[in-house]
1. Output the 0 to 90 degree angle, nearest 10, between the alpha-carbon long axis of helix A:42-51 and the longest principal axis computed from the alpha carbons of chain A.
2. Mean projection of the alpha-carbon convex hull of region A:7-116 over all orientations, in nm²?
3. For the protein assembly as shown, what is the percent of antiparallel DSSP beta bridges, rounded to the nearest 5?
4. Can you find, among B:S161, B:L227, B:G134, the residue sitting farthest towards the positive end of the charge dipole of region B:124-242, where Lys and Arg contribute +1 and Asp and Glu -1 at Cβ?
5. Among A:L79, A:L20, A:L193, which one shows the biggest mean-square fluctuation in a GNM of chain A, springs joining Cα atoms closer than 10 Å?
6. Enter the Cα centre distance for the pair region B:335-363 and region B:372-403, rounded to the nearest angstrom.
7. Expressed in whole Å with the largest first, what are the equivalent ellipsoid semi-axes of region B:157-268 derived from the C-alpha gyration tensor as the square root of 5 times each eigenvalue?
8. Beyond a 32 Å Cα-Cα separation, which of these cross-linked pairs lie in this structure: B:K40/B:K146; A:K269/B:K294; B:K43/B:K282; A:K10/A:K191?
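Here, each number is a calculation from the coordinates, and none is a lab measurement. Remember, it's a predicted structure, so these values are computed and weren't measured experimentally. Methodologically, a virtual Cβ is constructed for each residue, glycine included, from the backbone with ideal geometry; neighbour enumeration extends over all protein chains shown.
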Amino acid sequence: MNFDYSDDQKFLKNEARKFLDGNCTSAHVRKVLDNADLSYDADLWKGVGAQGWLGAAIPEEHGGLGLGRVELCAIAEELGRACAPIPFASTVYFLAEALMLAGSDAQKAKWLPKIAAGELIGAFATSEGPGVVNAANLQANVVGGKLTGVKIPVTDGDIADLAVVLANEGGKPGLFLVELAGAGVTRETLKTLDPTRSVAKISFSGAAAERLGDAGEGFALTEAVFDRAAVLLAFEQLGGSDRCLEMAKDYAMDRYAFGRTIAGYQAIKHKLADMYVKNELARSNAYFGAWALNVGAAELPIAAAAARVASSEAFWFASKENVQTHGGMGFTWAVDCHLYYRRSRQLALVAGAPKVWKERLVQQLERRNAA
Amino acid sequence: MDFNDSPEEAAFRIEVRTWLEANAPKKVDTKKMSEPEILKLAKAWQATKAEARFTCMTWPEALGGRGATPIQNVIYNQEESKFDVPRGFFDIGLGMCVPTVMAFANDETKQRFVAPAVRGEEIWCQLFSEPSAGSDVAGLRTRAVKDGDDWVINGQKVWTSGAHYCDFGILLVRTNPDVPKHKGLTMFWIDMKAPGVEVRPIHQMSGGSNFNEVYFTDLRINDSQRLGAVGDGWKVALVTLMNERLAVGGSTGPNYAEIMALARSTVTEDGNALANDAFREKLADWYVQAEGLKLTRFRTMTALSRGQTPGPESSIGKIISANQLQDLSNSAMELEDQFGIITDTAIAPMEAAFQQSLMWAPGLRIAGGTDEILKNIIAERVLGLPGDVRVDKDVAFKDMPTGR
């Protein structure tokens, strides 16, 4: 039984924390938050690339480090803790995972080394409006290798070089690779709840599109990519919710009211204990997801759903109760609570809302029961 | 991350499984048996386990154990849980009481008591809680007064599991009411069959009687039955409570799988109840919590197999499982709609398991540390938050304000 990070993985995680402590402080996050023209922290992005994190799980033959997914999870946890304002998830959890899952040898050879080298930002474009995209309402369409349609919202769509786009072709849903610097692509940065993560509306009018994976498999592949991304995102959420608990604890220990530290009041202690319980349940579910992702287990869909539901709930609870514990200070722009409150919503929605994942989880339970 | 045993652990698991397959008693339908009949089976099984040293495994060989590691103990429990053997009668005695005797009694007393307890011939109970001392157990009032070489005991204990079939117990009493409450306590062992000890079953809100009140009327015991120094009872009690067995496994009632089966076979206004969105969301939440708990135990096992001692973080288990049981049972009854009120086991779905667990769950949220106390433990011992302001630390027990 080894249901924890190994010593090497702990070392990697610790190194990641040290790097981010120096290169991704609250000031770095706020630089992106407070500047409407800034979509990400380019210096941090370069630094993360130099650390090799972008290619951590990419095979060595494609220029990566060839580590396992658990190592990537350890890095993700630290990125979440630091609230990193970079397109890491879009590029690594979505684009690179989609390429490794469904890419042809040529596609992998062309794009994965660029990702590993930090030369390329990715995006994953499925949504077209409020609600869930499905076979009945999918509008984006590819004819003769040219994509037409509108994708909104696309995380990091304004800064990405390469997007994976869900679209129909000849009446069959598929995934397509689209180079966003090419002709027929118009991009507009949108205002969102979490300005530390950029989001765009992308309009395609005859943009060159190359199919990724088989025709007709668009939705199945999207689900499979989401399963992978959900596990990795769960670790970002976990890092964020553990940080919220720490912030709440540190503040409560130092804040005095009615003649004593508020950390001694049961109303605060029980709130923090509730945070701890949710975070631990989320961590256990996330670890199972990491294991399933790493070994390619048949349990991945249910493990990913459980990890996503548990981590989304934990981060939401920790981020809102962290604000509450900080009292009036927590409601100010100057104190960092809102960075995590915002990020908790961004992470909970980016790969589909928890409600959708609960439904997917129950479908998996039904399948297991029927088997 | 992997879920495999180390080679040594795998070998031990095979040894355990082989032994269990050869020795575990055949499955018996205990539903129609009386408690004394089930106890007889349990004692026989305990004797078999003791013979093969598959009980008290982490104890030294000289005391009946096999000097096993905690992870080996967990492996045995996991394997035994796959067999339908009688269990539950010896956990408190061997997990908490006898280790206290071993830590504080003289050699003669240990010689007398340890071996019969290990073999299941004598069962022990723990007499701590009182009507006025639950979460605040150090506020107990049962009084022991010195009389020559003897002590004379008067008072009442409550929520004593198994007192009606136990042979001996460890008893925490007040020997000095003139000092602050934690300093005036002393621990003894007692014979539960002695004159002056009266056991009365408690009629629980669930209808059953799993616990007892124990009354002491001029119970006379010799000073040689004392465990630890006079006035050191609280320190001794902490040793008892620290020995609380690491809870591994432990299903307490119907879970997400059972309510899912119920939903599938229940018709609601829009068809099969399993098709209901609100129900499906809850089902997902129950699954995530239950899996989270199961997987958290795997993390505890990892710590054990690395030679670490798991800390108070295991307190999260009961908070989650007890509350989920209550919530899930209620949802199951609502699924049944008007029919949900029926508790007749011949008529109600799943032999009224949900109705029974609804009535049992409130007890589970209280026994062995209330939700609130467990949250205090997490806050103070895991997160390091300060203890509450105490008004009772420096006040003589006799001067403390009392209510009910």
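1. Compared with the principal axis, the helix lies near 90 degrees.
2. Result: a mean projected hull area of 6.9 nm².
3. Counting DSSP beta bridges with both partners in the protein assembly as shown, the antiparallel share is about 85 percent.
4. B:G134
5. A:L193
6. One Cα centre to the other: 38 Å.
7. 39, 19, 13
8. The pairs that break the limit, which is 32 Å between Cα atoms, are B:K40/B:K146; B:K43/B:K282; A:K10/A:K191.
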